[in-house]
Amino acid sequence: MIRVLVVDDDFMVAKVHSGYVSRTPGFEVVGVAHTGADALRLVQTLRPDLVLLDIYLPDVDGLGVLRELRARGDEAVDVIVITAATDVDTVRSAMRGGVLHYLIKPFEFAALRDQLAHFAALHRKLDQLGSAGQADVDQVFGARPTSAPVLPKGLTAQTANLVERALRSRLDGLSASECAELTELARVSARRYLEHFVTTGRAEVRLRYGGTGRPERQYVWLGR
């Protein structure tokens with residue numbers, strides 16, 4: 001389980017965000033803080049894997065918390081900022097502080113779920129790597145192509161969106177056969193789109209073992 005600390009000065013918002021985390025498979029809330037001081041204390045005592053950090057806190061703002069975490073060597077904890085702050089200076093400061101993502105309130109469960117799923121997928125990928133190639137590094141650091149990717153010949157944007165929605169609906173992944181059933185596509189067509197997402201770094205393949213015979217390819221959306 002990935003351990004999460006939720007930091008927000010609003011008790012009801014913190015409760016909602018904690019509920020979002022608890023609804024996401026593989027994640028658990030290990031603590032909730034409503035001030036910057038409490039956030040720093042709980043990071044030290046609970047050692048979470050991830051902090052969901054608000055900017056507007058009553059004592060020290062979230063950027064101050066972030067600077068203190070980095071200054072005292074808490075590199076092991078990752079941070080996603082969750083805030084109503086939309087000014088560019090705050091976004092820039094958060095980026096320089098090494099946050100993984102910046103979610104602007106209000107947002108739906110799906111927005112946070114996708115970021116958590118992406119976080120989990122990247123951690124699994126890094127754990128499995130002995131060394132990282134450029135494609136791996138690009139994926140971890142969120143590199144994007146400078147222009148919109150062109151679909152391979154024979155694939156359409158409309159059907160790609162259909163397959164993407166099917167993948168997003170199954171956080172634990174699905175096979176080509178399951179995707180074909182959900183989208184009402186032929187299995188060979190569904191697999192072409194799934195493999196395209198893998199090639200472009202938007203999905204990954206895991207092998208699912210069960211029964212006898214060869215393992216089945218399981219496609220998992222990376223939340224990008």
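The values are calculated or read from the model by the stated rules, or taken from the named source; none is laboratory data. Bear in mind the structure is a predicted one, so any value in this text is a computation, not a measurement. Cβ coordinates were reconstructed from backbone atoms using ideal geometry, including for glycine residues, and neighbour counts include every protein chain displayed. In case anyone asks, the SASA skips ligands and DNA or RNA and just uses the protein heavy atoms, side chains included. Shrake-Rupley method; radii C 1.70, N 1.55, O 1.52, S 1.80 Å.
Of the heavy-atom accessible surface of the chain (probe 1.4 angstrom), what whole percent is carbon and sulfur? Before the final figure, lay out the partial values.
Working: 6520 of 12230 Å².
Ligands and nucleic acids excluded, carbon and sulfur give 53 percent.
When only DSSP loop residues count, what GluC sites (Glu not before Pro) in the range 1-78 have their Cβ near at most 13 other Cβ atoms within 10 Å? The partial results should precede the final answer.
Values: sites: Glu28, Glu68, Glu75; in loops: Glu75.
Sites meeting the loop and neighbour criteria: Glu75.
Under the rule of -39500 (n - 2.57) per DSSP H run of 4 or more residues, summed and divided by the residues of the chain, what mean residue ellipticity at 222 nm is obtained, to the nearest 500 deg cm²/dmol? Don't skip to the answer; put the middle values down first.
On the way: 9 runs with 103 residues, N = 224.
Rounded to the nearest 500, the figure is -14000 deg cm²/dmol.
Which of the trypsin sites (Lys or Arg not before Pro) found in the range 1-99 are loop residues per DSSP with 11 or fewer other Cβ atoms within 10 Å of their Cβ?
Working: sites: Arg3, Lys15, Arg23, Arg41, Arg67, Arg70, Arg72, Arg92, Arg96; in loops: Arg72.
Those that pass, being in a loop and sparsely packed, are Arg72.
Which value results when the Cα radius of gyration for the chain is divided by 2.2 N^0.38 Å? Walk me through the intermediate numbers first.
Details: Rg = 19.2 Å, N = 224, 2.2 N^0.38 = 17.2 Å.
Output field value: 1.12.
So what is the accessible area of the chain per residue, in Å², with the probe set to 1.4 Å?
Numbers: 12230 Å² over 224 residues.
For the chain, the per-residue accessible area is 55 Å².
I'd like the chymotrypsin sites (Phe, Trp or Tyr not before Pro) in the range 1-108 restricted to DSSP loop residues with at most 15 other Cβ atoms within 10 Å, sorted by number. Present the calculation step by step, with values, prior to reporting the outcome.
Working: sites: Phe11, Tyr20, Phe27, Tyr56, Tyr102, Phe107; in loops: Tyr56, Phe107.
Listed in order of number, the matching sites are Tyr56, Phe107.
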